[in-house]
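Here the structure is laid out as structure tokens; the discussion comes afterwards.
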Amino acid sequence: MKLKGRLSFFLAFLLSLGLGAQQFEERITNAGNVRLTVTNAGTFGNAFRGYRDGTGRQSCEYPAGSGIEHLFEGGLWVGGVRRGDGSILVSTSALDAPQGYAPGRAGFEFTIPIGSPGLQERSSLTDSRFFTPNAVSHQDFVAIFNDVSQTIPGTTIPITGHQFPMNIQVTQETYNWNFSFSDFFVVVNYKLKNIGNATFDSLFVALWNNTVVRNVKVTPAGAGGSVFYSQGGNGYEDSLALAYCYDATGDVGFTESYIGQKFLGSEDKFGFHHFLLDSTYNKKTGQWVKENFKAHYNAWQFNNANNPIFFFPTNDELRFIKMTSGLNHHPCWNEPTSAGCQSTFGVDLQVELNKSGNRSDLVSVGPFNDFQPGDEITVTFAYIIAKKFEDGNPNSVNSPLQRQNLINNANWVQVAYNGEDKNFNGVLDSGEDIDGNGKITRFILPSPPDIPRTRIEPCDGKIDIYWSDNSLYSIDPILQEMDFEGFRVYITKPGFDVVNVQDVSSAFVLIAEFDEVNGIGNDVGLDKIMLPEPVKFDGDTVEYHFKYTVDQLLNGWQYAVSVTAFDRGDASLNLDKLESSILANQFRAYPGTGTNDNMNENEPYVYPNPYYYGSSWEGISNFQEETRKIYFSNLPKRCKISIYNPVGELIDEIHHDENYDGTDIRWFRSFSAEDPFRNRFSGGEHAWDLLSKSTQIISRGLYLFTVVDLETGKRYTGNFVIIK
């Protein structure tokens, strides 16, 4: 067998820890369509490390599998004025660092306490192994860290520049959902607790990011050095507290995408705070008081302290200025020709930021006052991604129309955050307490029926699709009743995976729809797909009640398949029909021959034979010679395949069994399902990448192969031809 880089991520992970004893962990969101790296050290993204260490782990990819990255690294900033001596202190979990996170490196001042539970996962999905009623979303990641230690916990290694901790503990929670109408954002909820002895006034909380929008399938991450990172345009939507970045001059045509970082809301012991509120209800006094809460936006050239306007702040005082004096409040933001602008910066800030560059940006909110020992503050942000609204103009125009999808997505995230707070005043008013718990519940999203539990069985030239009846009994959280209406079956065309489809959801084709006979929809009924009796499969406890077969398919090609459930909606409540996620239930199916019990009657064979380099199902990748493939077909359930050159030298060996998932060759790791469990094969086929066991490229010519049935000992010998 060929030696594969299975340990590469583990080794890189150990290296990233350095000598530190703290238990650094990172996970990638995968409930929705955003693949964002989240860590328990308060950082987001992975500085594109996944493309350097060979693991391919995404930093902030959207849509999933597209190769379109959006974030180098991000993290939390907290700053305030210490009562008593007036000292300005700022603690950061990330800032401008060309190599990204490393323990002890300057700017990475939040650490994981010894004995921390680590990065915990929760889910509101009842069939998830992470299910808990305390979960907010389909996939929560929860981490606890603080800025207390001036050294890497468990060592004597100092954290560079971290001499004055604020003594703040942070509980960081991220939320993401698999609904198609909410799979484009990840919420970041911070709960800050003062665990020191000092009181802070004028406290500000910020989300810092170095956003970089590039397609790493077109231009490998970091190619060309700093030029790779310097192609982005930036901006800020003041009314939404939404900073954004897009690819202005990089992989144009392949990265029609925006990423935004938005402030959603905050709360402390005094009440709810948002910059759009003129007054807020003070829980301490029971009165409405005038609000002085603001959102500040700043941006600067990444790791460049020399620019007179867009400079990287190198100490706490300068960082606090960036947090409290936003460019969006400067005269040069909206009135570049005014005297106030001309006597200061003298440039149109928005025009300058729209030019190509590599920038860090900061969305900061505050002030929070009287932050005493034991007090807590909750601040919520979101990462939001959207495709450019195509208006026929280049990305660099960055018109309001081009940003329309981003604006729509940002507004939807805000509505989701508001939850029961329908009038957005931070107070639970009469008629708003939907769940009856006596407090504002946020993130109440309309919910489609549960995803059907699905099983895919590829066969020779067809795919059998089975699913259970669990969706029929789903209860809508708003209507508080079962409102199932029907099922939809989707499949992609052959070759969708190798023609640069950036968003798999757009490649699905609806091939069948079945709904209840109730006078609401098409009234097709469910009888045509309902099995006479539920069926079960060995090793699978699920009972399957429905079946649909897709035939006339091509063996060896990849088809993405999905079954969804949709509800009937409610016009009286202005609720549209909602459908469960296509992507969350997708499988990658490969039609082919089934297991072979008699090689004498059904001889194993290879296809395509002869093989021509550049087969249409291979696609284009940065590892072209490693993503070629042919199939061995008509294989026994458990067998060994040996491949020889004409002089009898062993080229490679392949072990095939019922657990085959394709991941022994790079093609499937590059083009198939993210989760190998969702790759489904027919049982009698196995792909080979035309590389020797030492990963050498083989030459053209005639090759021999043998198949040995490991259960019967029977042997078959055949041949195939490689033509370049």
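Laboratory data are not the source of any read-out in this text; all were calculated from the coordinates shown. The model shown is predicted, which means the values in this text are computed figures rather than measured ones. Here Cβ is always computed from backbone atoms with ideal geometry, including for glycine, and neighbour counts include all displayed protein chains.
Shown is the FRET efficiency for Met482 and Tyr607, computed with R0 = 56 Å from the Cβ-Cβ distance and rounded to the nearest 0.05: 0.70.
What distance in nm separates the simple spin-label points at Glu649 and Val397, each placed 7 Å from Cα in the Cβ direction? It is 5.9 nm.
When the chain is fully extended, how far beyond the present Cα-Cα distance does Phe677 get from Asp127, taking 0.36 nm per residue of separation?
On the way: separation 550, 0.36 × 550 = 198.00 nm, distance 1.64 nm.
So the chain would gain 196.4 nm between Phe677 and Asp127.
Extension gain for Arg638-Asn304 works out to 114.3 nm (0.36 nm per residue, less the C-alpha to C-alpha distance). With R₀ set to 30 Å, the beta-carbon distance separating Ser343 from Asp238 gives a calculated FRET efficiency near 0.85.
If contacts are Cα pairs under 8 angstrom and at least 6 residues apart, what is the relative contact order of segment 16-174 in percent? Intermediate results must be reported in sequence, preceding the final value.
Values: 370 pairs, mean separation 35.6, N = 159.
Value for segment 16-174: 22 percent.
Cβ screening of the chain for cysteine pairs under 4.7 Å finds these without a partner: Cys60, Cys245, Cys459, Cys639. Here each label is just a point 7 Å from Cα along the line to Cβ, and for Val535 and Glu335 those points are 7.4 nm apart.
Within a straight-line Cα-Cα reach of under 20 Å, Lys422 can be paired with the following lysines, leaving aside sequence neighbours fewer than 8 residues apart in one chain: Lys262, Lys283, Lys439.
For segment 384-470, the list of trypsin sites (Lys or Arg not before Pro) that fall in a loop by DSSP and count at most 14 other C-beta atoms within 10 angstrom reads Lys422, Lys439.
Annotation: amide H-H contacts under 5 Å for Asn40 (H modelled 1.01 Å from N, sequence separation of 5 or more, or interchain): Glu25.
Taking the alpha-carbon distance from Lys284 and a cut-off under 16 Å, which aspartates and glutamates remain once sequence neighbours fewer than 8 residues away in the same chain are dropped? Cross-link targets: Glu267, Asp268, Asp370, Asp375, Glu376.
Restricting the count to DSSP beta bridges whose residues both fall in segment 435-552, what percent are antiparallel, rounded to a multiple of 5? Around 100 percent antiparallel, to the nearest 5.
The mean sequence distance of close C-alpha pairs (under 8 Å, at least 6 residues apart), as a share of the length of segment 605-723, puts its relative contact order at 34 percent. Panel order for Phe72, Phe345, by other beta carbons found within 10 Å of each beta carbon, from fewest to most: Phe345, Phe72. Give me Val216, Val708, Val563 ranked fewest to most by other Cβ atoms within 10 Å of their Cβ, as a rough exposure proxy. So the ranking, lowest neighbour count to highest, is Val708, Val216, Val563. Listed values for segment 148-158 are Karplus-derived 3J(HN,Hα) couplings in whole Hz (6.51 cos²θ - 1.76 cosθ + 1.60, θ = phi - 60°), namely 5, 7, 8, 10, 5, x, x, 9, 9, 6, x, and x replaces Gly and Pro.
Sorted by mean Cβ packing within 10 Å, highest first, what order do the peptides 116-128, 73-85 take?
Working: 116-128: 16.1, 73-85: 22.1.
Ranked from most to least packed, the peptides come out as 73-85, 116-128.
Sorting the segments 504-517, 304-317 by their residues' average number of neighbouring beta-carbon atoms within 10 angstrom, most packed first, yields 504-517, 304-317. Spacing of the modelled spin labels on Ser430 and Ile114, each 7 Å from Cα toward Cβ, amounts to 5.8 nm. From largest to smallest, the equivalent ellipsoid semi-axes obtained for segment 605-723 from the alpha-carbon gyration tensor read 21, 20, 12 Å.
Counting pairs of alpha carbon atoms under 8 Å apart in space and at least six apart in sequence, what relative contact order in percent does segment 454-590 give? Let's see the in-between values first.
Numbers: 255 pairs, mean separation 42.5, N = 137.
Once normalised by length, the contact order is 31 percent.
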